[in-house]
Each structure stands twice: as C-alpha cells, then as structure tokens.
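Report on the structure given below.
The values are calculated or read from the model by the stated rules, or taken from the named source; none is laboratory data. Computed from a predicted model, the values in this text were never measured in an experiment. All Cβ positions, glycine included, derive from the backbone under ideal geometry; neighbour counts span all protein chains shown.
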Amino acid sequence: MSFIKKIKDSASRVTEKAQNSVEIGKLNGLISDVEQEMEVEFTKMGRLFYEGYRSKDMSVAEGKMVELSRNCSKLQEKIEVLRTRIAELKNERLCSCGHIVALDANFCPKCGSKLEPLSASRRVPSTPVFVQSVNEDDEDQYYGADELTDEEKEIAMKLHPQSVVYAEVQHPDDELPLEEYKVSEQDIERERKQAEQLERERKRQLELDRRFGEWHKNEHQEESTVTEDHGVRDMIQCQICRNELPKGSLWCPRCGSEQI
C-alpha cells in the first residue's frame with residue numbers, strides 16, 4: 001500500500017506542476033494579446049496626432065487621444081494583474097516598477113522601494129510531513145487479539161495508545177480474490193502512464209516559458225551581467241549588510257540601502 005501511495009503522491013505533484021506550467025503559458029498568451037491591443041491603440045493615437053498636425057488643429061485629436069490613453073491604462077492594469085498571477089505561481093513577487101523579485105525580498109533591487117509584507121493568506125503553505133516511528137521489536141502490536149494475553153494487551157495500549165489491536169483475525173476464505181489485485185496493478189500502470197505524460201507536458205511548457213522569457217528580456221532590453229568565460233552571474237556584497245546580490249543592483253533587497 002505504501003508503494004501505491006507514493007505513486008499517487010508523485011502523480012499528484014507532477015499534475016500540480018503541469019497545471020501551473022499550463023496556466024503560466026495561458027497567462028503569457030493573454031499578456032501577448034493585451035499587448036497587441038495596446039499596439040493598435042498606439043497606432044490610432046499616432047494617426048490622430050498626425051491628422052491634427054496636418055490640419056493644424058489639435059483640438060479634435062486631443063479629446064480622442066485622451067480617451068485612447070485611458071483605454072491603454074486599463075489594458076496596462078490587466079497586464080499587471082496577469083504578471084502578478086504568474087509571479088505567484090512561480091513563488092515570486094512583482095514590484096510596482098515591474099521588476100520581478102524573490103518572494104522573501106524586503107526591498108526591490110532595481111528601484112529600492114520597500115515591498116509590502118506578504119499576508120498570511122498569500123504565503124505558500126508548506127506541505128506537512130508526517131513521520132511515524134515504528135519499533136521493529138514490538139511486533140506483537142500487528143498480531144491478532146487471540147495471540148495476545150490480557151497483560152500484553154494492556155501494556156501495548158499504554159505504550160502505543162494510537163495503535164489498533166484487532167479483535168478477530170480475518171479468515172483465509174474472506175481474503176480478496178486475485179482479480180482485485182490485478183485491477184490494482186492496472187490502475188498503477190495507468191497512473192504511471194498519466195504521470196509520464198504530464199511530466200512530458202511540463203517539460204515542454206517549461207521550454208516554452210524559457211523561450212518566452214528570453215524574448216521578453218531582449219524586447220525590453222533588461223540588464224543582465226553574465227561573464228563571458230563561465231556564463232555565471234557576478235555577485236557582489238551589500239555595502240551595509242554584506243548580503244550577496246547580483247552585480248549591477250542599485251538597491252539591496254534585504255536592507256534597502258543604495259549601492260554606490
């Protein structure tokens with residue numbers, strides 16, 4: 001039974017990761033759609049500006065451009081909401097300046113603004129791990145009640161109050177037929193195939209996320225300090241708290257001091 005439980009737990013974890021990867025991919029697709037809508041609004045604003053400049057009358061174009069600017073602000077708010085959701089799925093946080101920081105950071109390393117502490121509802125709960133210690137010498141607790149004396153029962157209940165002492169032993173004729181075990185093996189095989197399929201989907205989605213992240217980074221020209229010889233990001237120490245942070249950071253994410 002423990003082997004089946006491990007397979008089910010592994011399948012559940014793989015399913016959760018695959019679902020997060022698929023959801024992140026969908027959110028990135030929604031961000032791309034909203035950005036395309038903003039590009040259309042920008043094109044309309046440019047056309048209106050040119051028409052007003054050509055006619056030497058900007059009064060008509062000004063009102064329409066203000067309306068289009070409000071639409072762009074609403075679209076930008078949608079993008080911020082989607083990016084915040086993606087950061088939560090990746091156990092990260094999104095600063096007001098648009099920079100993605102670690103979940104436990106107190107200050108943004110890019111703009112230096114103080115980050116609000118996470119509420120208890122938004123913190124990711126840790127998975128509880130239950131460990132049950134079993135003494136191999138106390139094998140009598142697994143036997144039936146007919147093989148234990150009254151004194152042994154009393155001692156077993158004092159030592160292991162949560163252990164169960166069965167009052168009667170199952171008769172061999174009452175055991176499950178062999179067909180029942182065959183069905184369980186088929187279920188295990190089906191769950192294994194499903195877990196493998198979800199794992200392949202997760203890897204494919206991670207590769208898509210990586211490519212999208214590289215494209216997004218190149219588009220916005222984000223600064224990245226990577227050494228040419230080893231490809232490892234250079235790290236420096238904060239001038240105040242001596243915390244390690246990437247080279248080029250303007251602010252320390254721990255103490256919030258400006259790096260000169």
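Some points to look at:
- Annotation note: of Gly25, Gly46, the sole residue that is assigned to a helix (DSSP H, G or I), without any contact (Cβ under 8 Å) to a residue 12 or more places away in the chain and either under 22 Å from the mean Cα position of the chain (by Cα) or farther than 24 Å from Lys203 by Cα (or both) is Gly46.
- Scanning the range 222-253 for residues that are under 19 Å from Leu94 (Cβ atoms) and modelled with pLDDT under 75 yields Glu222, Glu223, Ser224.
- Condition check for Val60: outside any helix (DSSP H, G or I) and either over 30 Å from Glu207 (Cα atoms) or among the hydrophobic types (A, V, I, L, M, F, W, C) (or both): no
- Taking the conditions (1) at pLDDT 50 or above; (2) out of contact with any Leu (no Cβ under 9 Å at 6 or more places or on another chain); (3) over 30 Å from Gln239 (Cβ atoms) in turn, Lys114 satisfies each one other than (3).
- Only one entry in Met38, Met58, Met65 is free of Cβ contacts under 8 Å to residues at least 60 places away in the same chain and touching a Cys at 6+ places or on another chain (Cβ under 6 Å), namely Met38.
- Near pairs, Cβ below 7 angstrom, 6+ apart or cross-chain, from the range 82-104 (in a loop (DSSP other than H, G, I, E, B)) to any residue that is β-branched (Val, Ile, Thr) and surrounded by 14 or more Cβ atoms within 10 Å (Cβ to Cβ): Cys95/Val101
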